[in-house]
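Below is one structure, written out as structure tokens; the observations come after it.
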Amino acid sequence: MAQIIGSVTTSHVPAIGRAIAKNLQGDPYWKPFFDGFPPVHRWLAEKKPDVIVAFYNDHGLNFFLDKMPTFAVGAAAEYRNADEGWGIPELPPVKGEQKLAWHIIDKVIERDFDLVTCQEMVIDHALSLPLALLWPDQKWPVRIVPVCINTVQFPLPSAKRCYALGEAVGDAIRSWQGNERVLIMGTGGLSHQLDGERAGFINKDFDLKFMESLVADPRWATQYSIHELVEKTGTQGVELVMWLAARGALGNGPAKRVHQNYHIPISNTASGLMVLEPAAG
Ligand code: DHB
Ligand code: FE
């Protein structure tokens, strides 16, 4: 049986790619952010995942505004970073885990989620940069299954629905006959707003409450409508639904907190990082 070893949830910001390319990890601006990752590297070295199931949001790269699936799962052989990338060096493509992807698709559609299935898919900073943060040598030791949630164009799925999607994906992984060690990833958030009157908006209070809730009260944020979450976290802060989906995949009992980091700001974003293990794990 496949085993979920835990989750890593992290912010994704394009400027991280530039900081990596220019070796700025020790720069005073970047250090508090990059210092969050060595404990994650040690945890990964111990846990040795071979597959990542990653909840993330595409930013108009693979899906543009003319065709915007609410939930989409990748079942491609390979995923190539195709973000324009601010001139940074190419990241190596990452292999897809197609068999598990189709199992997840079957099981999640059986649970009444109407998924879009993608046999070709390019990825952007929301998926490629978290991989580069987890494996700085960029020799990916994992195959991936991307699960994309629309947080770009309204109407967006509710927090409650995203949590339920995560639960269904988690159950599907646990019912897979293979013996893969699966890491759940969720990327996006925490509070940030890139546009409009509230550009630059950050809500530290809410972010810290949210991170805390994921340990023992994981449905806490599902009490809020998606519009309330935009109000509390910003138009792009609503990407935190990826963290909820990732947490849903771990199961409903309390989780074990392995590590967390929170730093304001990275670009316009309150950056969060958290590693959780399922309580029974
Ligand atoms: C920033 C944050 C994001 O989540 C994103 O997708 C793009 C930019 C930022 O803070 O610059
Ligand atoms: Fe984003």
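What follows is calculated from the coordinates using simple rules that are stated; it is not laboratory data. What you see is a predicted model; the values in this text were computed from it and never measured. Heads up, the Cβs are rebuilt from the backbone with ideal geometry, glycines too, and the neighbour counts pull from every protein chain shown.
Out of all the residues in the range 42-76, which are surrounded by fewer than 13 Cβ atoms within 10 Å (Cβ to Cβ) and over 20 Å from Pro14 (Cβ atoms)?
Initial filter on the range 42-76 (surrounded by fewer than 13 Cβ atoms within 10 Å (Cβ to Cβ)): 42, 45-46, 48, 60, 64-67.
Matches in the range 42-76: Arg42, Ala45, Glu46, Lys48, Asp66, Lys67.
May I ask you to verify whether Ala54 is within 16 Å of ligand 1 (Cβ to nearest atom), over 20 Å from Ile104 (Cα atoms), hydrophobic (A, V, I, L, M, F, W, C) and touching a strand residue (DSSP E or B) at 6+ places or on another chain (Cβ under 9 Å)? Lay out the reasoning, then the answer.
Values: within 16 Å of ligand 1 (Cβ to nearest atom): yes; over 20 Å from Ile104 (Cα atoms): no; hydrophobic (A, V, I, L, M, F, W, C): yes; touching a strand residue (DSSP E or B) at 6+ places or on another chain (Cβ under 9 Å): yes.
No: the conditions fail for Ala54.
Scanning the range 179-199 for residues that are within 11 Å of ligand 2 (Cβ to nearest atom) and among the β-branched types (Val, Ile, Thr) yields a single hit, Thr187. Considering the range 145-155, and only residues there that are farther than 15 Å from Phe113 by Cβ and either of a type in the set (Asp, Glu) or within 15 Å of ligand 2 (Cβ to nearest atom) (or both), the residue that is nearest to the chain's Cα centre (by Cα) turns out to be Pro146.
Does any residue of the range 41-53 turn out to be of a type in the set (A, V, I, L, M, F, W, C) and within 16 Å of ligand 2 (Cβ to nearest atom)? No, the range 41-53 contains no residue that is of a type in the set (A, V, I, L, M, F, W, C) and within 16 Å of ligand 2 (Cβ to nearest atom). Evaluating Leu183 against the criteria (1) touching a helix residue (DSSP H, G or I) at 6+ places or on another chain (Cβ under 7 Å); (2) closer than 30 Å to Val142 by Cα; (3) outside any helix (DSSP H, G or I) leaves one unmet condition, (1).
For the range 196-220, what are the residues that are among the aromatic types (Phe, Trp, Tyr) and more than 17 Å from Trp243 (Cα to Cα)? Give the steps one after another, and end with the answer.
At the first step, the residues of the range 196-220 found to be among the aromatic types (Phe, Trp, Tyr) are 201, 206, 210, 220.
Correct list: Phe201 only.
Would a scan of the range 11-22 turn up a residue that is within 25 Å of Asn179 (Cα to Cα) and not in a loop (DSSP other than H, G, I, E, B)? Checked the range 11-22: no residue is within 25 Å of Asn179 (Cα to Cα) and not in a loop (DSSP other than H, G, I, E, B).
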